[in-house]
Amino acid sequence: MKVTKRDGRIVEYDRNKIIVAIRKANAEVDRYEQVTDEKIEAIVAGIENTHTDNLLVEDIQDMIEQKLMSERKYELAKKYIIYRYTRQMVRQANTTDDSIMSLIKNSNKDVMEENSNKNAYIASTQRDLIAGEVSKDLTKRVLLPEKIVKAHEDGILHFHDMDYYLQSIFNCCLINIGDMLENGTVMNGKLIESPKSFQVACTVMTQIISAVASSQYGGQSVDIRHLGKYLRKSRKKYEKHYQKKYGDKISKEIRDEFVKDRLHDELKSGVQTIQYQINTLMTTNGQSPFVTLFLNLDKDDPYIDENAMIIEEILNQRIEGIKNEKGVYVTPAFPKLIYVLDEHNCLKGGKYDYLTRLAVKCSAKRMYPDYISAKKMRENYDGNVFACMGCRSFLAPWKNEKGEYQFEGRFNQGVVSLNLPQIAIIANGDEEQFWTLLEERLSLCFEALMCRHHSLEGTLSNVSPIHWQYGAIARLKKGEKIDKLLHDGYSSISLGYIGLYETTKLMTGVSHTDPKGTNFALRLMKRLRLACDTWKLETGIGFALYGTPAESLCYRFAEIDKKKFGSIPDVTDKGYYTNSYHVDVREKIDAFTKFTFESQFQEISSGGAISYVEIPNMRHNLEALEDVVRFIYENIQYAEFNTKSDYCHKCGYDGEIIINDNLEWECPQCHNKDKSKMNVTRRTCGYLGENFWNVGKTKEISARVLHL
């Protein structure tokens, strides 16, 4: 006989557990109220004689109570009922002890590896993680409907960021930094007036970024074009200073050189402030602020030349990197960079092509920036070009009371993701069953998303003044509710999805890159998009389809399904599901074909999408990378490179590993020659294929092999 536990687990029947439970109740009553061991055996035998293959644990306990009552052992039955109730309360009330203690002991692998940007060994970060465990506990036991919790545990869906759900805070946002710099803001009860120089504007911006990050859990984006105005203010200040100091004593040309030198120093210092402040600050979330800088040259911007200077300095400093504790220049995790390709900088003879070549050089060495095609984005978003929130989630076009498109100062309420492969596993190739089950689970996702929405309703602006009162999102009054910002599409709320590739493979027998599979995949994506559009029309809430970058979720869903359904070739056996609509990493496909194929899904997944390609080290063949960037501009809205580069694990050197006179790989910094302590995937020609390395018997042979 099997027993189904309360959490859905099916375990072997164990008669000893029943005997122990009755004896514990027996020990708490007078002798004449007790039952004998023979009676206990008879009760157990009665349960076993039901000849049922599977019993619910609650049914077993009900039978025990009934048999005790039939024996007229009312006091004993009462004690057993109390024992049963107490055990239930213990289960409900004490679900965090193990997770918290294991976190403190650095053995809670799931929590410690969930966010790679957090160092879970640091005490301040552990405080945030401990609070997160408490939030998850209360969310599961008290705040969410039981069926949503069960769906989350069963891997039907994923209710993102339960560790913050207890509080009235949201996911990610696009900061209205222009308003905050122009009209001032307030932090910690202190007025911050509009800056008078570029250096101060950079300092204020990083303070805002840090404050914003501490009161939300998702990423944020800042459009740096708002800084151009303050760089010009600094220029005017220096011009006035040198005119007053020297007058006609020196020529205008010399004064201009003085101004140029001072302005360059301030530009460099200001950008350095942004880079170092962001990477050295620690928010209350236990990590550096998750922020993205949006590098966009708008042809209609009156400060476009100043912004070109700022972008150039940002890229130059990112190429250099930041020194780690060993004094080695490394790639910082933040800020993320997104570079916008437009007609004037898409490497077709435009005025600002030099910036794009610098961006390409940065990508080859530091992986960033990511690239957005202004051309494709205008096609998808009513002619608009704007930053995503953090580095993935996009807003829908929305017009304010003036009839103007507005993107800055908007946010995302939260995400629930759907496990598509699990539906396909259950359907087992039966399309009718697949679509029926999909509808049921979409309804469940809608209910879960509405829980997110309702949890934010009634939130007072006092909860986070930097967001709601002082300009990051709005300038509401103290004590005012944020509800109007949750409706009419002002903010988004996202349906994520995982595993389009595996789902298509299960239902059609081929990848979604195969024409047969593509047809099914597009139908599925369009159904998900239709669900979001329908919910938006019915509720007035900004539902959006989101190609989530939840890397850890790809593993979680696959792990759950492997335990449930076993090892399925090319599905659960890999240990991961492919992210959103992406082509599986093991498919033999070149960068251009991959981008062309995935662009059709980006258009549907307008609430969030990005495509990427794995490329080798391109530092010696930037022309090949420039070709890919040109292709991005013409063919896909949002793309990034995962650049494979050399790395010495012994000293942290992040650069090119050399081949020495003895034909050995050697780190030029610490002279390490131990291949096990080096990551060497170097290419010199930009070959976009499978990586290998081979050292020949002579330098000439070695060089030729590397250049294949």
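The values are calculated or read from the model by the stated rules, or taken from the named source; none is laboratory data. Everything quoted here is computed from the prediction, not taken from an experiment. Heads up, the Cβs are rebuilt from the backbone with ideal geometry, glycines too, and the neighbour counts pull from every protein chain shown. Heads up: the accessible areas ignore ligands, DNA and RNA and are worked out on the full protein's heavy atoms, side chains in. Shrake-Rupley method; radii C 1.70, N 1.55, O 1.52, S 1.80 Å.
Mind checking which residues of the range 132-178 are of a type in the set (Phe, Trp, Tyr) and within 22 Å of Tyr577 (Cβ to Cβ)? Full working, then the answer.
If we filter the range 132-178 for residues that are of a type in the set (Phe, Trp, Tyr), which is where we start, we get 159, 164-165, 170.
Within the range 132-178, Phe159 is the sole residue that qualifies.
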Looking at the range 199-210, I want the residues that are more than 19 Å from Lys237 (Cβ to Cβ) and have a partner that is open to solvent by 10 Å² or more (accessible area, probe 1.4 Å) and assigned to a helix (DSSP H, G or I) with Cβ atoms under 7 Å, at least 6 apart or on another chain. Which pairs are those? Thr206/Thr273; Thr206/Gln277
Return a yes/no flag: does the range 365-381 have any residue that is open to solvent by less than 10 Å² (accessible area, probe 1.4 Å) and farther than 23 Å from Phe601 by Cβ. yes
Please enumerate the residues belonging to the range 43-84 that are in contact (Cβ under 8 Å) with a residue 12 or more places away in the chain and among the small types (Gly, Ala, Ser). Gly46, Ala77
Quick check on my filter: what residues within the range 387-405 are open to solvent by 10 Å² or more (accessible area, probe 1.4 Å) and either more than 24 Å from the chain's Cα centre (by Cα) or touching a residue at least 24 places away in the same chain (Cβ under 8 Å) (or both)? Cys391, Arg392, Ala396, Trp398, Lys399, Asn400, Glu401, Lys402, Gly403, Glu404, Tyr405
Any residue at all in the range 380-392 that's under 25 Å from Ile615 (Cβ atoms) and touching a Cys at 6+ places or on another chain (Cβ under 6 Å)? yes
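Residues checked against (1) surrounded by fewer than 17 Cβ atoms within 10 Å (Cβ to Cβ); (2) in contact with a Ser or Thr (Cβ under 6 Å, 6 or more places away or on another chain); (3) modelled with pLDDT under 95:
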| residue | (1), (2), (3) |
| --- | --- |
| Ile156 | no, no, no |
| Asp161 | no, no, yes |
| Ser168 | yes, yes, yes |
| Cys173 | no, no, no |
| Asn176 | no, no, no |
| Met180 | no, no, no |
| Asn183 | yes, no, no |
| Phe198 | no, yes, no |
| Val204 | no, no, no |
Restricting the range 480-523 to residues that are over 30 Å from Cys173 (Cβ atoms) and basic (Lys, Arg), which is least open to solvent (accessible area, probe 1.4 Å)? Lys505
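Any residue that is within 21 Å of the chain's Cα centre (by Cα) and either on the phi > 0 side of the Ramachandran plot or of a type in the set (Ser, Thr, Tyr) (or both) - is there at least one of those in the range 460-475?
no
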With respect to the numbered conditions (1) over 30 Å from Asp154 (Cβ atoms); (2) surrounded by fewer than 17 Cβ atoms within 10 Å (Cβ to Cβ), which one is the sole condition not fulfilled by Val35? (2)
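May I ask you to verify whether Ser605 is at pLDDT 75 or above and in contact with a strand residue (DSSP E or B) (Cβ under 9 Å, 6 or more places away or on another chain)?
On the way: at pLDDT 75 or above: yes; in contact with a strand residue (DSSP E or B) (Cβ under 9 Å, 6 or more places away or on another chain): yes.
When the stated conditions are applied, Ser605 passes them.
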Condition first: in a loop (DSSP other than H, G, I, E, B), over 12 Å from Glu502 (Cβ atoms) and in contact (Cβ under 8 Å) with a residue 24 or more places away in the chain. Now tell me which residues in the range 584-615 satisfy that. Val585, Glu587, Ile589, Asp590, Ser605, Ser606, Gly607, Ala609, Ile610
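Evaluate the range 560-575: report whether one residue or more is surrounded by 14 or more Cβ atoms within 10 Å (Cβ to Cβ), within 27 Å of Leu395 (Cα to Cα) and out of contact with any strand residue (DSSP E or B) (no Cβ under 6 Å at 6 or more places or on another chain). Steps first, please.
Of the range 560-575, the ones surrounded by 14 or more Cβ atoms within 10 Å (Cβ to Cβ) are 560-562, 565, 568, 571-572, 574.
Among the residues that remain, those that are also within 27 Å of Leu395 (Cα to Cα) are: none.
Within the range 560-575 (the criterion being surrounded by 14 or more Cβ atoms within 10 Å (Cβ to Cβ), within 27 Å of Leu395 (Cα to Cα) and out of contact with any strand residue (DSSP E or B) (no Cβ under 6 Å at 6 or more places or on another chain)), the answer is no, since none of the residues qualifies.
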For the range 528-549, name all the residues that are closer than 23 Å to Ala427 by Cβ, out of contact with any helix residue (DSSP H, G or I) (no Cβ under 7 Å at 6 or more places or on another chain) and surrounded by 14 or more Cβ atoms within 10 Å (Cβ to Cβ). Leu528, Cys532, Gly547, Thr548
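Among the residues of the range 408-424, is any of a type in the set (A, V, I, L, M, F, W, C), over 25 Å from Ile560 (Cβ atoms), at pLDDT 95 or above and open to solvent by 10 Å² or more (accessible area, probe 1.4 Å)? Break it down into steps so the answer makes sense when it comes.
First, pick out the residues of the range 408-424 that are of a type in the set (A, V, I, L, M, F, W, C): 411, 415-416, 418, 420, 423-424.
With over 25 Å from Ile560 (Cβ atoms) added as a condition, the list becomes 411.
Keeping just the survivors that are at pLDDT 95 or above gives 411.
With the extra rule that they be open to solvent by 10 Å² or more (accessible area, probe 1.4 Å), the set shrinks to none.
Scanning the range 408-424, I find no residue that is of a type in the set (A, V, I, L, M, F, W, C), over 25 Å from Ile560 (Cβ atoms), at pLDDT 95 or above and open to solvent by 10 Å² or more (accessible area, probe 1.4 Å), so the answer is no.
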From the list Asp514, Asp488, which residue is acidic (Asp, Glu), closer than 14 Å to His582 by Cα and over 23 Å from the mean Cα position of the chain (by Cα)? Asp514
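This table checks each residue for (1) within 19 Å of Val149 (Cα to Cα); (2) not hydrophobic (A, V, I, L, M, F, W, C).
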{"site": "Ile423", "(1), (2)": "yes, no"}
{"site": "Asn428", "(1), (2)": "no, yes"}
{"site": "Thr436", "(1), (2)": "no, yes"}
{"site": "Cys445", "(1), (2)": "yes, no"}
{"site": "Ser455", "(1), (2)": "yes, yes"}
{"site": "Thr459", "(1), (2)": "no, yes"}
Regarding the range 284-294, can at least one residue be identified that is at pLDDT below 95, β-branched (Val, Ile, Thr) and either farther than 30 Å from Gly350 by Cα or open to solvent by 20 Å² or more (accessible area, probe 1.4 Å) (or both)? yes
